[in-house]
Structures are given as structure tokens and as C-alpha cells.
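To keep things clear, I will list the structure first and then write my remarks on it.
The values are calculated or read from the model by the stated rules, or taken from the named source; none is laboratory data. Just so we're clear, the structure is a prediction, and the values are computed from it rather than from any experiment. Neighbour counts are summed over all protein chains in view; Cβ atoms, including those assigned to glycine, are modelled from backbone coordinates with ideal geometry.
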Amino acid sequence: MLVYSYDSTITADLLNTATVTGYPEDGGEPVTDTNDAAVQMYVITGTVTPFCEADAPHLGYDIRTNAPGTTATIIFTGDGGSESVTVPVGTGEVLWPGAVVGPDGVGIDWPGWDQDASGDWFENPANPYAWARPDVQITVQVNPTTEPVTVAYPRGHRPV
């Protein structure tokens, strides 16, 4: 199993400077006022882990942040497509884009694969989720957004 780590790059708080200039109607000298405010920077760190369970590809995640809010968006991006899913901040897992599980939780369809009339599975580059294999870029958004990490499609699932 491969574990991919990510983090946002934060070096210091930002200093936000606002300057306002007013021009009196009587033609007097303009009045300028400047205020500075430190803006707290938010940090996002964690890991993403592709894995196979019950013949279905998943992405495990562990998202840590000091940003306000309780959800994050995981964005899968591949050659020719992308999909996003909103998840709770913390630890969890999501089904890989294009994968389908039956009522028993076992994989019944896989990204980039189609089934012919005789029931045989074949890789199909025209499949709507062919972009989700062999690798995808994973980006995590809370506030801020991480740089993408390349994640390999998990091994050990059907159809083969």
C-alpha cells in the first residue's frame, strides 16, 4: 500500500494593509488613513492512500487543518476528466471515481472498463472514467488548497 503525503506551504501570517484617501469637497488637502491587520494563515496537511477492498478501488484520506469549517473537497484529476467529492475533515475513505459497488459492498464496475455481451470485461479508452486510470492528481481544498499529488490507481481489484 502506498501512502501519499501533502501539505500547504505556509511561511508566515499575511499582513493586510488597507489605505483609504478622502478628498474634501472644499478643495482642502486629501486625508489618507492606513491600517494594518495580520491575517491568520490556515494550514492543511494529511495523507491520501489508494487501496482495494472487496474488489473495489478506494481512496483513504486523513485531512488535518486549522481552517474553520468541517468539510473538505477532494478533487481527482486525470487525463481528460475530473471529479470532486465533499468529505468531512478528519479520517475517512471514498470510492474511486467510476467505481460502483453492489448492495453487498463488492465492486461490480470499474473505471475505464466495460463489459461485452458475453460478460467479459475489457479496458475501453472511450469509457467515461478511463481518465481515472492509471494515475490521477489529488488536490484537497479547505482553505487553502494543497498542491496536487500524483496517486496511482490501487491494485488488486477485478476485472482481470
Conditions (1) more than 23 Å from the chain's Cα centre (by Cα); (2) at pLDDT 95 or above; (3) surrounded by 15 or more Cβ atoms within 10 Å (Cβ to Cβ): number failed by D104 | (3)
May I ask you to verify whether V151 is assigned to a strand (DSSP E or B), surrounded by 16 or more Cβ atoms within 10 Å (Cβ to Cβ), modelled with pLDDT of 95 or more and not charged (D, E, K, R)?
-> no
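Within segment 98-121, identify whether any single residue is among the polar types (S, T, N, Q) and under 30 Å from M41 (Cα atoms), and answer yes or no.
Looking for residues that are among the polar types (S, T, N, Q) and under 30 Å from M41 (Cα atoms), one finds none in segment 98-121, hence no.
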Considering residues that are part of a strand (DSSP E or B) and touching a Lys or Arg at 6+ places or on another chain (Cβ under 7 Å), the number found within segment 107-117 is 1
Name the residues in segment 23-51 that are small (G, A, S), modelled with pLDDT of 80 or more and assigned to a strand (DSSP E or B), would you?
-> G46
So, of the residues in segment 43-63 that are under 12 Å from the mean Cα position of the chain (by Cα) and crowded, with 18+ Cβ neighbours inside 10 Å, which turns out to be farthest from G105 (Cα to Cα)?
-> I44
Test for T71: is it loosely packed, with under 14 Cβ neighbours inside 10 Å and either in contact with a Pro (Cβ under 7 Å, 6 or more places away or on another chain) or in contact (Cβ under 8 Å) with a residue 40 or more places away in the chain (or both) = yes
